[in-house]
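S.K.: Would you mind keeping the following structure in view while I ask a few things?
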Amino acid sequence: MASETTTKSNLEIVREYTERVFNEHNPDLASQYVTSDIRWHGGVLGTVEGVANLTQLLRGFIGALPDLKASEQDVVAADDKVAVRFIVEATHKGNLFGIAATGRRVRWDAVDVYRLNDGMIVEEWAADDVTAILQQIGAYTLPMLRVKS
């Protein structure tokens, strides 16, 4: 069980990682916060292993959404884990999931759970509402919203 000081430090690390890497659009800084063998679990987006692969994923995501802003809504930190609920907003200005830029604004909910060890992120579970993103960029229409002829 982690001490209260470690739990607080883990929370500060995750907040700094979010600010510097995502909100300041610096994916190459990820290596300062994650271990070399990081495991990133992205649900339908799959699992990425290793800092180089994670950095490449982040470059692609931030490249497609260059004004991305993740705003913390809720946070829970206990032991070696930090869970954060975000509202993420951005403009689709580059290739995202194989879809060319649309210039549309997107907004979605995300919940990320981080596991830390010795002040570094060793694993992350990212639960982004991919359906909301796809719907807002015009790549997917929810069945209930489809016009019936």
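The values are calculated or read from the model by the stated rules, or taken from the named source; none is laboratory data. If you're wondering where the values come from, they're calculated on a predicted model, not measured in any experiment. Cβ: placed from backbone, ideal geometry, glycine included. Neighbour counts: every protein chain shown. We work out accessible area using only protein heavy atoms, side chains counted, and drop any ligands, DNA or RNA first. Shrake-Rupley method; radii C 1.70, N 1.55, O 1.52, S 1.80 Å.
S.K.: Out of F97, F86, I need the residue that is open to solvent by 60 Å² or more (accessible area, probe 1.4 Å) and closer than 18 Å to A132 by Cβ. Which one? Walk me through how you get there before you give the answer.
M.R.: Values: F86 fails: open to solvent by 60 Å² or more (accessible area, probe 1.4 Å).
Criteria check complete, one pass: F97.
S.K.: Determine, yes or no, whether R105 is surrounded by fewer than 16 Cβ atoms within 10 Å (Cβ to Cβ), basic (K, R) and touching a Ser or Thr at 6+ places or on another chain (Cβ under 6 Å).
M.R.: Details: surrounded by fewer than 16 Cβ atoms within 10 Å (Cβ to Cβ): yes; basic (K, R): yes; touching a Ser or Thr at 6+ places or on another chain (Cβ under 6 Å): yes.
It is true that R105 is surrounded by fewer than 16 Cβ atoms within 10 Å (Cβ to Cβ), basic (K, R) and touching a Ser or Thr at 6+ places or on another chain (Cβ under 6 Å).
S.K.: Could you tell me which of the residues D79, D74 is surrounded by fewer than 17 Cβ atoms within 10 Å (Cβ to Cβ), closer than 23 Å to V34 by Cα and modelled with pLDDT of 95 or more? Write out each step before concluding.
M.R.: Numbers: D79 fails: modelled with pLDDT of 95 or more.
The conditions single out D74.
S.K.: One residue is enough: does region 70-79 have a residue meeting the conditions within 25 Å of Q135 (Cβ to Cβ) and over 12 Å from the mean Cα position of the chain (by Cα)? Explain how you work it out, then say what you get.
M.R.: Start the filter on region 70-79 by keeping residues that are within 25 Å of Q135 (Cβ to Cβ), which leaves 70-74.
Subset that is over 12 Å from the mean Cα position of the chain (by Cα): 73-74.
Yes, because at least one residue in region 70-79 is within 25 Å of Q135 (Cβ to Cβ) and over 12 Å from the mean Cα position of the chain (by Cα).
S.K.: What are the residues in region 108-126 that are of a type in the set (G, A, S), surrounded by fewer than 16 Cβ atoms within 10 Å (Cβ to Cβ) and at negative phi, if any? Write out each step before concluding.
M.R.: Start the filter on region 108-126 by keeping residues that are of a type in the set (G, A, S), which leaves 110, 119, 126.
Subset that is surrounded by fewer than 16 Cβ atoms within 10 Å (Cβ to Cβ): 119.
Answer for region 108-126, where residues must be of a type in the set (G, A, S), surrounded by fewer than 16 Cβ atoms within 10 Å (Cβ to Cβ) and at negative phi: there is none.
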